[in-house]
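Undergrad: Quick one: this structure, given as structure tokens, is what I'll be asking you about.
The values are calculated or read from the model by the stated rules, or taken from the named source; none is laboratory data. Bear in mind that the values here come from a model prediction, so they are computed numbers and not experimental data. Reconstructed Cβ throughout: ideal geometry from the backbone, glycine too, with neighbour counts over all protein chains shown.
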Amino acid sequence: MITYLNDKLNEGQTVIRIREDLGIGEKRLQKIMKENGYKYNQKLRKYVSNDDSITEVILNDKLHSKEIVRGLEPSTQGQGSTLVIPNDFEREWYELIEFKNKMMSIEDDIKDMVQAYKQGYYNGNTEVIEVIQQEGITIREFKEDIKPTTIKLHSESLDAWNSFCNKYKQYSKQDLISMALEEYISKYDK
């Protein structure tokens, strides 16, 4: 649609005339253009990208007249009669050059590492570091109903149990008892 509109504008038609031919109202056309990231540029008499990062629109005839020198020979193939240069182009260009220079400075190191890997150097000269998971309480998710029960315990066991439960108040006593019983069963029921 943008190509069609810009072609008609290049032929000398006005936006109003093109809208009438298409049967579209002014607000509707503006909404369509805005949603697709375009706006009408009166200076160029055409619809252009509404990218806020774009600051300069350079006509090709000016580009080749050496009025603009940026250290690059830009390619304008397929871009019609304009070259669009983003605001942050120069900064990004220098960042890219800096990155390339850093990579070139460590090129020999990278080649050495790759060569050593291909020759199997790292196969016998690596250490395996075992990561031991920190011990703690893991409460599984219970799916069955809760059954009430009453048990009699020795007072020293009950006191130790209550002291233990007070250290882990983030868990309910019923979950702690259930997990303790399951662990005891899995350890001794063989």
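Undergrad: Go over the candidates 85, 132 one by one and state the one that is loosely packed, with under 10 Cβ neighbours inside 10 Å and either at pLDDT below 75 or in contact with a Ser or Thr (Cβ under 8 Å, 6 or more places away or on another chain) (or both).
TA: 132
Undergrad: Okay, next question. With the checklist (1) surrounded by fewer than 11 Cβ atoms within 10 Å (Cβ to Cβ); (2) small (Gly, Ala, Ser); (3) modelled with pLDDT of 75 or more in hand, flag the one item residue 124 doesn't pass.
TA: Status for residue 124: all satisfied but (3).
Undergrad: Let me ask something else about it. Pairs needed: first member in the stretch 142-167, part of a helix (DSSP H, G or I); second member anywhere, of a type in the set (Phe, Trp, Tyr); C-beta distance under 9 Å; at least 6 residues apart or different chains.
TA: Every condition considered, the pairs that remain are 165/171.
Undergrad: Taking the options 5, 9, 44, name whichever one is touching a strand residue (DSSP E or B) at 6+ places or on another chain (Cβ under 8 Å), at pLDDT 65 or above and part of a loop (DSSP other than H, G, I, E, B).
TA: 44
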